[in-house]
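A.B. asks: My questions will all concern the structure given below.
What follows is calculated from the coordinates using simple rules that are stated; it is not laboratory data. As the structure is a computational prediction, the values presented were derived from the model and not from experiment. For neighbour counting, all protein chains shown are included, and Cβ atoms are generated from backbone atoms with ideal geometry for every residue, glycine included.
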Amino acid sequence: MIWKPNTTVAAVVERAGKFLLVEEETNEGIRFNQPAGHLECGESLTAAVIREALEETAYSFVPKYLVGVYNWRNAAKDVTYLRFAFGGEIDGHDTQRPLDDGIIAAHWLTLEEIRALEARHRSPLILRCIEDWLAGKRYPLELITHYE
């Protein structure tokens with residue numbers, strides 16, 4: 001059997017000193033995460049992060065940079081995630097759009113508020129992606145090639 005990681009994408013969005021996070025229901029209780037989710041078959045990484053941000057927050061996300069690629073193993077679940085985190089901008093909000101099942105709300109939170117919620121983060125990648133963004137890590141999207 002061939003082992004494969006779960007490929008995920010995440011949107012790192014900062015506006016006026018606050019970051020966009022989602023509050024969601026999980027098997028471990030209510031947790032916080034970046035707008036994030038799994039890459040679907042045939043989908044490009046940038047299309048996936050645009051879709052996930054819209055589905056989870058009702059905000060239209062425009063990826064501008066790759067913040068980083070993160071390999072994290074959740075030992076408790078014996079699952080490995082390969083996360084592609086994108087930084088970008090919001091260019092619209094559909095206040096009438098229903099959020100994905102399990103998503104309670106989208107929140108704009110300061111770094112201090114996010115740190116205070118660390119025990120309720122879905123993974124350690126949330127804070128790491130924000131810290132990398134704040135450290136200026138921004139790589140061109142041209143690093144990623146999607147073949148049809």
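A.B. asks: Considering each of Ser44, Ser60 in turn, give the residue that is surrounded by fewer than 21 Cβ atoms within 10 Å (Cβ to Cβ), in contact with a helix residue (DSSP H, G or I) (Cβ under 7 Å, 6 or more places away or on another chain) and of a type outside the set (A, V, I, L, M, F, W, C).
C.D. replies: The conditions single out Ser60.
A.B. asks: Out of everything in segment 56-93 that is among the charged types (D, E, K, R) and under 12 Å from the mean Cα position of the chain (by Cα), what residue ends up being farthest from Ala105 (Cα to Cα)?
C.D. replies: Within segment 56-93, the match that is farthest from Ala105 (Cα to Cα) is Arg83.
A.B. asks: Hey, among Leu39, Leu82, Leu143, Leu127, which residue is in contact with a Leu (Cβ under 8 Å, 6 or more places away or on another chain), under 27 Å from Lys4 (Cα atoms) and surrounded by 13 or more Cβ atoms within 10 Å (Cβ to Cβ)?
C.D. replies: Leu39
A.B. asks: Another question about this same structure. Of all residues in segment 10-27 being in contact with a helix residue (DSSP H, G or I) (Cβ under 9 Å, 6 or more places away or on another chain) and of a type outside the set (A, V, I, L, M), which is surrounded by the fewest Cβ atoms within 10 Å (Cβ to Cβ)?
C.D. replies: The qualifying residue surrounded by the fewest Cβ atoms within 10 Å (Cβ to Cβ) is Gly17.
A.B. asks: In segment 92-115, how many residues are closer than 27 Å to Ala75 by Cα and either charged (D, E, K, R) or out of contact with any strand residue (DSSP E or B) (no Cβ under 9 Å at 6 or more places or on another chain) (or both)?
C.D. replies: 4
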